[in-house]
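The values are calculated or read from the model by the stated rules, or taken from the named source; none is laboratory data. These numbers come from a predicted model, not from an experiment. When we count neighbours, we look across all protein chains shown, and the Cβ atoms used for this are built from the backbone with ideal geometry, even at glycine.
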Amino acid sequence: MENNLILFSHTDYPEFSFEVDCDGIKDDGHYMGITPIIKGNRMETEFFYYTAPFLYPILDHVSHKIEKISIKNTSIQGTENDGDFLKVMFEGSNYGILSPVGGNDKLFMETAFYFEEGILCITLNGLYYILPSMSDTEVRIVSNEKDILKSIKLNSEAFQEYFDNVTEIEINDGIFGNIEIQTEIERLQLQVHQDKGQKQILSKIFIGF
């Protein structure tokens, strides 16, 4: 670990490496999470004025506090996905910060990285954000067995939409390339955020008396 970053890679696939950011934005302006680095290209994007990783474990930046991060190598045999896995787990706060889910169980994001026929595969569990870029990005969502297409660009207006019973997501990212996601999501949140905050406000106030 160096400066609250952990780097790992696979000896058979040296063009892939992964960075686990274990702290907040105060030291480097980079949110906590996991950034894949492929052939030197970092899978990260701008989010609320700072840089965010592709896999982001924070649901609410005020009330969701990560308390533990664990990383381990493991090998699984006799299953569909035989071989070596690198697992990363973020844990902290509990479902009580959510409504209407609630409960005292720990919130978590668990990831398992492995390679299959030269393709990087990532298994995800828990609650999390996946943050592609907004550079000419096309998104296809299979919701209730129907295809929904969304086109997102750097100048797209901010929006937040929900899609029920999502089984497949395909992202054709202008920077990150093609990303395919197989999933079982009861309700998917798709959000485009635009940093439109203001650091200085000049005003004149006139009060009649």
Can you list the strands (runs of 3 or more DSSP E) lying wholly within the stretch 76-174 that have 3 or more residues being under 20 Å from residue 31 (Cβ atoms), of a type in the set (A, V, I, L, M, F, W, C) and at pLDDT 85 or above?
83-94, 106-116
Residues being over 18 Å from residue 88 (Cα atoms), surrounded by 14 or more Cβ atoms within 10 Å (Cβ to Cβ) and among the hydroxyl-bearing types (Ser, Thr, Tyr): count how many of those fall in the stretch 1-49.
1
Which of the following residues is touching a residue at least 24 places away in the same chain (Cβ under 8 Å) and more than 25 Å from residue 58 (Cβ to Cβ): 166, 142?
142
Odd one out for residue 69 among (1) surrounded by fewer than 16 Cβ atoms within 10 Å (Cβ to Cβ); (2) farther than 24 Å from residue 174 by Cα; (3) β-branched (Val, Ile, Thr); (4) touching a strand residue (DSSP E or B) at 6+ places or on another chain (Cβ under 6 Å)
(1)
Quick check on the stretch 102-111. Is at least one of its residues crowded, with 17+ Cβ neighbours inside 10 Å, within 23 Å of residue 183 (Cβ to Cβ) and not aliphatic (A, V, I, L, M)?
yes
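One line per residue, one yes/no per condition, for (1) part of a loop (DSSP other than H, G, I, E, B); (2) in contact with a Leu (Cβ under 8 Å, 6 or more places away or on another chain); (3) in the same structural domain as residue 122 (by TED's automatic domain parsing):
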| site | (1), (2), (3) |
| --- | --- |
| 6 | no, no, yes |
| 15 | no, no, yes |
| 20 | no, yes, yes |
| 25 | yes, no, yes |
| 34 | no, yes, yes |
| 37 | no, no, yes |
| 51 | no, no, yes |
Can you find a residue in the stretch 181-197 that is touching a Gly at 6+ places or on another chain (Cβ under 7 Å) and either surrounded by 15 or more Cβ atoms within 10 Å (Cβ to Cβ) or modelled with pLDDT of 95 or more (or both)?
no
Going through the stretch 145-161 in order, the residues found to be exposed (fewer than 12 other Cβ atoms within 10 Å of the Cβ), in contact with a strand residue (DSSP E or B) (Cβ under 7 Å, 6 or more places away or on another chain) and in contact (Cβ under 8 Å) with a residue 12 or more places away in the chain are 151, 158, 160
